[in-house]
Each structure stands twice: as C-alpha cells, then as structure tokens.
Amino acid sequence: MSRLRAAFRPASDIYSLGCTLYYALTGKVPFPGGTSREKARRHCEDQPIKPTVFNPLISNELLAVLSAMMEKDPHKRIQSAAEVVERLVPWATDSVETTAEEAGRSGRRRCD
C-alpha cells in the first residue's frame, strides 16, 4: 500500500489540473476514446493532441504553462499549486467585471 501512496504526490494533482485546463481551453479531453486501461497508458506514455488544433487562440505562453503542468516526468513538472497560480497570473482578469460586460454584449442576463 505504501508503494501506491508514494506514486501520488502533489505533482499528480498538478498533472490532473493540467488535464482540466486542457479541457477548459479546448472542450476536449486530452486522451479521448479507448478503454480505461488504454487511456491510463496514454496518459503515461503519449502526448495529447496539441491544444491549438482545437483552439488556435491559445498563446504560446499559455501553451508552455499547460505543457509544464502535463509534463510526463513528474520531476520536470510544475511542482506546486503556488507555481501554477504564479504562472497563470498573466491570464487572470477581474473576471466578474469582464464577465458582466461580456454577458451584456452577448444578450445573456447578468447574475448579480
């Protein structure tokens, strides 16, 4: 049991968060299709389809952060949530204000 626990460290959470960010940016999971075993193998061995195939608006800088979060070698991966936050700061906005403005322009109701 301790060997299994040793396999799960904060770097595993960073990888999972990277997969979630991949989905948020592309609307696609990094490794679609196949059995659970095949998906697990692909997570360990394969690279996902480059996210810009699905969303060409992703900048090279954001792509670099995503790649660092999904790095296969856990020692080369971003090592902490604090570093993820620090590296994603350039894309952070006053989302409540921006979202409210964008919602008004698109005809959607604001949820204040």
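Bear in mind that the values in this text are calculations on the coordinates, not laboratory data. Just so it is clear, the structure is predicted and the values come from calculations on it, not from any experiment. With ideal geometry, Cβ positions are generated from the backbone for all residues, glycine too; neighbour counts draw on all protein chains shown.
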- Item | Net lengthening on full extension, Lys28/Glu71 (0.36 nm per residue, minus Cα-Cα) | 13.7 nm
- Note on the structure: By Cβ neighbour count within 10 Å, fewest first, Leu62, Leu57 rank Leu57, Leu62
- Note on the structure: Sparse-neighbourhood loop hits (trypsin sites (Lys or Arg not before Pro), region 27-98; DSSP loop; Cβ within 10 Å at most 13 others) -> Lys72, Lys76
- Item | Karplus-derived 3J(HN,Hα), 6.51/-1.76/1.60, for each residue of region 46-60, Hz, glycine and proline x | 9, 9, x, 4, 4, x, 5, 5, 8, 9, x, 7, 5, 6, 4
